[in-house]
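Peer 1: Starting off with a structure, shown below.
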Amino acid sequence: MGLKVGIIGTGMIGQDHIRRLTQVLSGVDVVAVTDIDQARAASAAPEGAAVFDSPHNLIGSESVEAVVICSWGAAHEEQLLACIEAGKPVFCEKPLVTSEAAALRVMEAEVAYGRRLVQVGFMRRFDSDYRRLKAVIDGGTLGAPLMYRSVHRNASVPEGLYTSEMPLNDTLVHDADISRWLLSDEISAVEVRLPRRSTQGGDLRDPTLVMLHMDSGVIVDVEISVNIAYGYDIRGEVSCERGVAALPNRPATVISDMHGIRQAIPEDWRERFIEAYDQEFREWIIAAGNGTAAGPSVWDGYVSTLTADAALRAVVSQSREMLHKVEMPALYRV
Ligand code: NAD
Ligand code: ISE
């Protein structure tokens, strides 16, 4: 038997992670699930898995060695704190939490525990295209990075559930995290501009243009479009002193027919990042099996939350909003 895992939240990504943990990866067994929608949990439960009536009971169960949190962001804090209290390694989908105060409470608990237990679901760090791009930048042949353009387009988002704050506190967190990791740099301030509003998303504020000011002086511009209709399109291009390095544009399929040759775009994050999610869990299973965590940390989740908060302030102020970080605890220094 592999690492015995319990899943909290069996919605879209919870079901996708159950599929990869049961059908794709080895060394792991999904032994428990829970969801506030008990019927959904029951129908998503793999054969032999127990359906728990609450996250609290799942986390406390002796049959569960490690936990995967796929509930909504606002529920993460309580569930993370319970996992840390129980001393169980936990994979938590992004966003880590939804406020700076909550991020600090989780950090304080993990630091007091004395060992990393939490990995945050910033899957882009595990994507082979991003890893190759980082290797080129770190190799130094192009000189120092000067500007980075990050394009983050969703075909659509769930109407009514995805609010106008979410481009900044739900979607931008990926671009913020990958910018820090890719450029080995830190975000010092954020600006936001609101272009002409798309009519595709009803009342939703979309698209959004964000500028991340990095400590080194690099400027990252992020386009967030969440109702672009044609597909899930993720792009990244780093302009350096002596050249440019970019992610390849990833077609899902190349179609040749009577209309010519065209490239089909991935439908959503499940398709575009399928291998990245597999790899983040491969690495998590090893770390969790050793009673700890690797990859994106609570500190990384905290910084992305601060970035989201600063971006939300910048929408109102229309000026540059600074990030005010606490000192990084030794636990997160590599
Ligand atoms: P979803 O609405 O499809 O599923 C969430 C599920 O969690 C629902 O079934 C809901 O009933 C359950 N839930 C909510 N609060 C709960 C609680 N307190 N206790 C137990 N169950 C609870 O949403 P989703 O798209 O699957 O997103 C879930 C999380 O994953 C979010 O944090 C989201 O930001 C993140 N996410 C990450 C990625 C990525 O690319 N890494 C992609 C999609 C979603
Ligand atoms: C979703 O929650 C994700 O994390 C996806 O990766 C992102 O592209 C999307 O905008 C979010 O809503």
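Peer 1: Amide H neighbours of LEU3 under 5 Å, counting only residues 5+ apart in sequence or on other chains, H built in-plane at 1.01 Å?
Peer 2: Placed amide hydrogens put VAL28, ASP29 under 5 Å from LEU3.
Peer 1: Taking the Cα centre of the stretch 52-129 as origin, sum charge times position over the Cβ atoms of Lys and Arg (+1) and Asp and Glu (-1), and report the length of that vector in debye to the nearest 20.
Peer 2: The dipole of the stretch 52-129 has a size of about 220 debye.
Peer 1: When a/c is below 1.5 the answer is rounded, else prolate if a/b is larger than b/c, else oblate, so apply that to the stretch 168-208 with a ≥ b ≥ c taken from the square roots of the Cα gyration tensor eigenvalues.
Peer 2: Prolate is the answer for the stretch 168-208, as a/c is 1.5 or above and a/b outweighs b/c.
Peer 1: Related question: Expressed in nm to one decimal, what extension gain is obtained for the pair GLN200 and SER54 from 0.36 nm per residue of sequence separation less their Cα-Cα distance?
Peer 2: Roughly 48.8 nm would be gained on extension.
Peer 1: While we're on this one: So what's the angle, to the nearest 10 degrees on a 0 to 90 scale, between helix 298-317 and the longest Cα principal axis of the chain?
Peer 2: 50 degrees
Peer 1: Would you calculate a helix-derived [θ] at 222 nm for the chain, using -39,500 (n - 2.57) for each DSSP H run of n ≥ 4 and dividing by the full residue count, to the nearest 500?
Peer 2: My calculation for the chain gives -10000 deg cm²/dmol from helical runs alone.
Peer 1: Considering the dipole of the stretch 46-109 built from charges on the beta carbon (Lys and Arg +1, Asp and Glu -1) around the Cα centre, which of PRO46, GLY60, CYS83 is farthest to its positive end?
Peer 2: The residue sitting farthest along the positive end of the dipole is CYS83.
Peer 1: Given the options ASP257, ASP233, ASP206, state which has the largest fluctuation in a GNM of the chain using a 10 Å cut-off (strictly under) for Cα springs.
Peer 2: ASP257
Peer 1: On C-alpha positions alone, give me the angle between the axis of helix 100-113 and the longest principal axis of the chain, in degrees, nearest 10.
Peer 2: 50 degrees
Peer 1: Tally up the carbon and sulfur contribution to the accessible surface of the chain as a whole percent, 1.4 Å probe, everything protein left in place.
Peer 2: 52 percent
Peer 1: In nm, to one decimal, how far is the ASP257 label point from the MET147 one, both placed 7 Å along Cα→Cβ?
Peer 2: 3.8 nm
Peer 1: Then there is this: Where does each of 147-158, 258-269 land if you order them by average Cβ count within 10 Å, highest first?
Peer 2: With the highest mean Cβ count within 10 Å placed first, the list reads 147-158, 258-269.
Peer 1: Would you mind working out the magnitude of the charge dipole of the stretch 206-328 relative to its Cα centre, with +1 at each Lys and Arg C-beta and -1 at each Asp and Glu C-beta, to the nearest 20 Debye?
Peer 2: 120 debye
Peer 1: Here is a follow-up. Compute a Gaussian network model of the chain, connecting alpha carbons closer than 10 Å, and tell me which residue from ILE224, ILE234, ILE255 fluctuates the most.
Peer 2: ILE255
Peer 1: Right, here's the next one. For the stretch 66-195, just say rounded, prolate or oblate: build the C-alpha gyration tensor, square-root its eigenvalues into a ≥ b ≥ c, call rounded for a/c under 1.5, and beyond that prolate if a/b exceeds b/c, oblate if not.
Peer 2: Taking the square roots of the gyration eigenvalues as a ≥ b ≥ c, the stretch 66-195 is oblate.
Peer 1: Expected output is a single nm value to one decimal: the length gained when fully extending between MET12 and GLU62, i.e. 0.36 nm times separation in residues minus the C-alpha distance. What is it?
Peer 2: The MET12-GLU62 span can extend by a further 15.3 nm.
Peer 1: I would also like to ask the following. May I ask what percent, to the nearest 5, of DSSP beta bridges between residues of the chain are antiparallel?
Peer 2: Bridges in the chain are about 55 percent antiparallel.
Peer 1: Between ALA74 and ARG242, with labels modelled 7 Å along Cα→Cβ, what's the label distance in nm to one decimal, could you check?
Peer 2: In this crude label model, ALA74 to ARG242 measures out at 5.3 nm.
Peer 1: Can you find, among VAL210, HIS259, ALA308, the residue farthest towards the positive end of the dipole of the chain? Put +1 on the C-beta of Lys and Arg, -1 on that of Asp and Glu.
Peer 2: Highest projection toward the positive end goes to HIS259.
Peer 1: Treating the angle as unsigned and between 0 and 90°, give the value, to the nearest 10°, between the Cα long axis of helix 274-289 and the longest Cα principal axis of the chain.
Peer 2: For helix 274-289, the angle is close to 40 degrees.
Peer 1: To the nearest 0.05, what FRET efficiency results for ASP268 and ARG313 with a Förster distance of 35 Å applied to their C-beta separation?
Peer 2: 0.75
Peer 1: I've got another one for you. For the chain, set up a GNM with springs between Cα atoms under 10 Å and report which of THR141, THR305, THR292 has the largest fluctuation.
Peer 2: Result: THR141 has the largest fluctuation of those listed.
Peer 1: Okay, moving on. Show me the ranking of peptides 15-28, 56-69 by mean Cβ neighbours inside 10 Å, starting with the highest.
Peer 2: My ranking of the peptides, most packed first, is 56-69, 15-28.
Peer 1: Please give the length that would be gained between ASN290 and LEU209 if that part of the chain were fully extended, namely 0.36 nm times their separation in residues minus their C-alpha to C-alpha distance (nm, one decimal).
Peer 2: Fully extending the segment from ASN290 to LEU209 adds 25.0 nm.
Peer 1: Further, regarding this structure: Could you provide, to the nearest whole Å², the per residue accessible area of the chain with probe 1.4 Å?
Peer 2: 45 Å²
Peer 1: Based on a Kirkwood Rh over C-alpha pairs, give the Stokes-Einstein translational diffusion coefficient of the stretch 224-274 at 20 °C and viscosity 1.002 mPa s in µm²/s.
Peer 2: D = 166 µm²/s.
Peer 1: I need the shape label for the stretch 194-334. Rule: rounded when a/c is under 1.5, else prolate if a/b > b/c, else oblate, with a, b, c from the alpha carbon gyration tensor.
Peer 2: Because a/c hits 1.5 or more and a/b fails to exceed b/c, the stretch 194-334 counts as oblate.
Peer 1: How long is the chain along each principal axis, judged by its Cα atoms, biggest number first, in Å?
Peer 2: Projected onto the principal axes, the Cα atoms of the chain cover 57, 54, 43 Å.
The values are calculated or read from the model by the stated rules, or taken from the named source; none is laboratory data. None of the values given here were measured: they were computed from a predicted structure. Using ideal geometry, Cβ is built from the backbone for each residue, glycine included, and neighbour counts are taken over all protein chains shown. Ligands, DNA and RNA are excluded from the accessible area calculation, which covers all protein heavy atoms including side chains. Shrake-Rupley method; radii C 1.70, N 1.55, O 1.52, S 1.80 Å.
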